[in-house]
Protein chains: 2
Amino acid sequence: MARSGIPTAERIIAAANKLFYNDGIRSVSVDAVAAKVGVTKRTLYYHFKSKDDLVAAYLAGRDQPNLALFRQWFDAAAGGLPAKVEAIFRNLARSARHPKWKGCGFLRTSAELANMPGHPAIRIGAAHKKKFEEWLREVFAAEGIADPLQLARQILLLLDGSFAVVLLHRDASYMETAGEAAHQLIEAALPRHRRSRRVVRGA
Amino acid sequence: MARSGIPTAERIIAAANKLFYNDGIRSVSVDAVAAKVGVTKRTLYYHFKSKDDLVAAYLAGRDQPNLALFRQWFDAAAGGLPAKVEAIFRNLARSARHPKWKGCGFLRTSAELANMPGHPAIRIGAAHKKKFEEWLREVFAAEGIADPLQLARQILLLLDGSFAVVLLHRDASYMETAGEAAHQLIEAALPRHRRSRRVVRGA
DNA sequence: CAAAGTATACCAACCAGTGAATATACACAA
DNA sequence: TTGTGTATATTCACTGGTTGGTATACTTTG
């Protein structure tokens, strides 16, 4: 156990989350994580068999909260389907304007560990994105969209693209641009009778 | 100079390019680069004042060739504007299917060094993407598109999104999906008289 | 000769991971 | 209650190797 009531393993994951998300994987030593928790490195290795294991646990811990947040933003938004999806991008833009924001932990980890294709952390990241894609596909299917998977993937491309671009330029307005593109693609894919009247397109 | 006629500095950059692109920045030591070139580390530090300097040179060396390739793909493609842009995505998908492909070096570097916002390599990456965005904007403006910057940014979001997603899932078909979205967005933004007749949209 | 370029040898700090001993907590017997 | 065994949890001290960077001296070339 520990000083507080929180189990040590969870406190280690919480510390790993902060450090890995902020500074990346390879620039954070196991010693640094242990020091942040206030335990010895040997204790950390009692709970996790390797650093790779710890990295996987770090991403696994971000999976559900992240998905839940997206769904919450979607559910809370007013308007039709395009507006509700666009709301995700708007909320993301708001997050991205916080100075501690550093993009998507899953994407950044997969970029850093690109030379280790089978790494458990990458598999967790891939599964995470697939879950989000599948959720979007179901939402679109329920609205009668002809090819819901295709549209879900296009929205995901815009989303992950905005993570990458905003991280590079440090300009969150790209996220709103992505949201408008998503809006437009969804609007165009909607069956005629569900489409809003005030579509702006072309010159 | 060197054994071959190629200056040592260039040979160092070539080796750094292979190693950094393949394995990332922090997992490649300066010793490894020097060994690959066949010089001592001290020689490397004669030509580059630090590792950060070398990383910047690595990305600077990828700037023009990369842009030239995109333009070449665009120019060589048949069809109208949407088809020509889509061709970039198709060619990219072909590249991404090669086993040594590891995504976009600029994006991966910015993801790995996200905790060093002012890093010279990140500035070079940002400038690179801005150049591409500007080129696209000019192309769109010449075709009479109402908001060419907005559209250029949306295409860029799809492009960088496909780099990230394909790297994560190792499934290049996402690039073709992105190309179709790009096609659709451009088609919709084109002035009516330049639009192709066979637009497919909706259910 | 002088300048540019390269090599040998080195440093102090850091890294992931481990062996062996120890502390804590709880179950159960006397 | 007290003692004892056992599994869990933790610490100390350490290893062998790697890291970015440098002081100094040697070599090549115009």
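Within the option set A:Tyr58, A:Tyr46, being among the aromatic types (Phe, Trp, Tyr) and either within 8 Å of DNA strand C (Cβ to nearest atom) or free of Cβ contacts under 8 Å to residues at least 12 places away in the same chain (or both) holds for one residue only, A:Tyr46.
A:Gln154 fulfils the conditions (1) touching an Asp or Glu at 6+ places or on another chain (Cβ under 8 Å); (2) outside any helix (DSSP H, G or I) except for a single criterion, (2). Consider the stretch A:75-86 and keep the residues that are of a type outside the set (Asp, Glu) and surrounded by fewer than 19 Cβ atoms within 10 Å (Cβ to Cβ). The one that is nearest to A:Glu133 (Cα to Cα) is A:Lys84.
Restricting A:Ala146, A:Ala181, A:Ala164, A:Ala142 to residues that are open to solvent by 10 Å² or more (accessible area, probe 1.4 Å), at the interface with chain B (Cβ under 7 Å from one of its Cβ atoms), among the small types (Gly, Ala, Ser) and more than 19 Å from A:Arg62 (Cβ to Cβ) narrows the list to A:Ala146. When the stretch A:49-58 is filtered for residues that are of a type outside the set (Ser, Thr, Tyr) and either assigned by TED's automatic domain parsing to the domain that holds A:Lys18 or surrounded by fewer than 20 Cβ atoms within 10 Å (Cβ to Cβ) (or both), the ones remaining, listed by number, are A:Lys49, A:Lys51, A:Asp52, A:Asp53. The set of residues in the stretch A:63-100 being more than 16 Å from A:Ala178 (Cβ to Cβ) and in contact with a His (Cβ under 8 Å, 6 or more places away or on another chain) consists of A:Asp63, A:Asn66, A:Leu67. Could you tell me whether any residue of the stretch A:75-88 is within 14 Å of DNA strand D (Cβ to nearest atom), away from chain B (no Cβ under 14 Å) and part of a loop (DSSP other than H, G, I, E, B)? No: the stretch A:75-88 contains no residue that is within 14 Å of DNA strand D (Cβ to nearest atom), away from chain B (no Cβ under 14 Å) and part of a loop (DSSP other than H, G, I, E, B).
Restricting A:Arg62, A:Arg11, A:Arg94, A:Arg71 to residues that are more than 30 Å from A:Glu138 (Cβ to Cβ) and not β-branched (Val, Ile, Thr) narrows the list to A:Arg11.
All of B:Ile124, B:Ile155 fail the test of being aliphatic (A, V, I, L, M), surrounded by fewer than 23 Cβ atoms within 10 Å (Cβ to Cβ) and within 18 Å of the chain's Cα centre (by Cα), apart from B:Ile124. If the condition is being more than 9 Å from every other protein chain (Cβ to nearest Cβ) and free of Cβ contacts under 8 Å to residues at least 60 places away in the same chain, then the stretch A:129-138 contributes A:Glu133, A:Glu134, A:Leu136, A:Arg137, A:Glu138.
The values are calculated or read from the model by the stated rules, or taken from the named source; none is laboratory data. Here the structure is a predicted model, which means the values were calculated and not measured. Ideal geometry is used to build each Cβ from the backbone, glycine not excepted, and the neighbour counts take in all protein chains shown. Ligands, DNA and RNA are stripped out before the accessible areas are found, and what is left, the full protein with its side chains, is counted by its heavy atoms. Shrake-Rupley method; radii C 1.70, N 1.55, O 1.52, S 1.80 Å.
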